[in-house]
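Visitor: Sharing a structure with you now.
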Amino acid sequence: MTDTMKITIGAGDERFTVELPDGWTVVRKEQLYRLQAAATLLSDLDRSMSGRHRGDGEGQDPTGVSQGNPFLHPGDRIGTTMSGRPIVVPEQTGFTDLGNPSLWTAES
């Protein structure tokens, strides 16, 4: 049996209750848009000047393969988390890897 969370939505006489399965959550649209924008920004950090991800085919590169962001390279430290863990540019093994925050934080 899975746990559910009950939430009540609405105001005044216009209320209804929704059960969310375990693992689901509710966020405001504004929060969702900010999270989506942050994820897009994170995934764009490895783009070349012509907008191609590292490893993509690119006609402007002499090798035919994008070298990605000329200012950031895998392993470069770009910051530190609140807990002091280094934030580093990850090795990319697939497009979706760039949106995985755990790959950007190195173990201290």
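Visitor: Can you give me the long-range amide H partners of T105? Hydrogens built in the peptide plane at 1.01 Å from N, cutoff under 5 Å, separation of 5 or more residues or another chain.
Guide: Under 5 Å from the amide H of T105: V88.
Visitor: Positive end of the charge dipole of the stretch 26-104 (Lys, Arg +1 and Asp, Glu -1 on Cβ, about the Cα centre): tell me which of G75, Y33, S48 has its Cα farthest that way.
Guide: Y33
Visitor: Another question about this same structure. Apply the Karplus parameterisation 6.51 cos²θ - 1.76 cosθ + 1.60, with θ equal to phi minus 60°, to every residue of the stretch 18-35 and state each ³J(HN,Hα) to the nearest whole Hz, in sequence, with x for glycine and proline.
Guide: 10, 9, 9, x, 3, x, 8, 9, 10, 10, 6, 3, 4, 5, 4, 4, 5, 5
Visitor: Quick one: what does P(r) look like for the chain with 10 Å bins over all Cα pairs, in whole %?
Guide: 12, 29, 25, 17, 12, 4, 0
Visitor: Quick one: grab Rg to one decimal and Dmax as a whole number for the stretch 27-87, Cα atoms only, in Å.
Guide: Cα-based Rg and Dmax for the stretch 27-87 come out at 15.0, 46 Å.
Visitor: Pull up all non-local amide H partners of V65: gap of 5 or more, or a different chain, and H-to-H distance under 5 Å with H placed in the peptide plane.
Guide: E58
Visitor: How do 52-62, 19-29, 72-82 rank on mean C-beta neighbours within 10 Å, highest first?
Guide: Numbers: 52-62: 14.5, 19-29: 9.2, 72-82: 11.1.
Packing proxy ranking, top to bottom: 52-62, 72-82, 19-29.
Visitor: Calculate for the chain the 222 nm mean residue ellipticity that helices alone would give, adding -39,500 (n - 2.57) per DSSP H run of length 4 or more and normalising by residue count, nearest 500 deg cm²/dmol.
Guide: Value at 222 nm, helices only: -5500 deg cm²/dmol.
Visitor: So what J values fall out for the stretch 52-57 if you push phi through Karplus, 6.51 cos²θ - 1.76 cosθ + 1.60 with θ = phi - 60°, rounded to Hz, Gly and Pro as x?
Guide: With coefficients 6.51, -1.76 and 1.60, one gets 9, 6, 4, x, 6, x Hz.
Readers should treat all values here as calculations from the given coordinates under stated rules, not as data from a laboratory. Bear in mind the structure is a predicted one, so any value in this text is a computation, not a measurement. For neighbour counting, all protein chains shown are included, and Cβ atoms are generated from backbone atoms with ideal geometry for every residue, glycine included.
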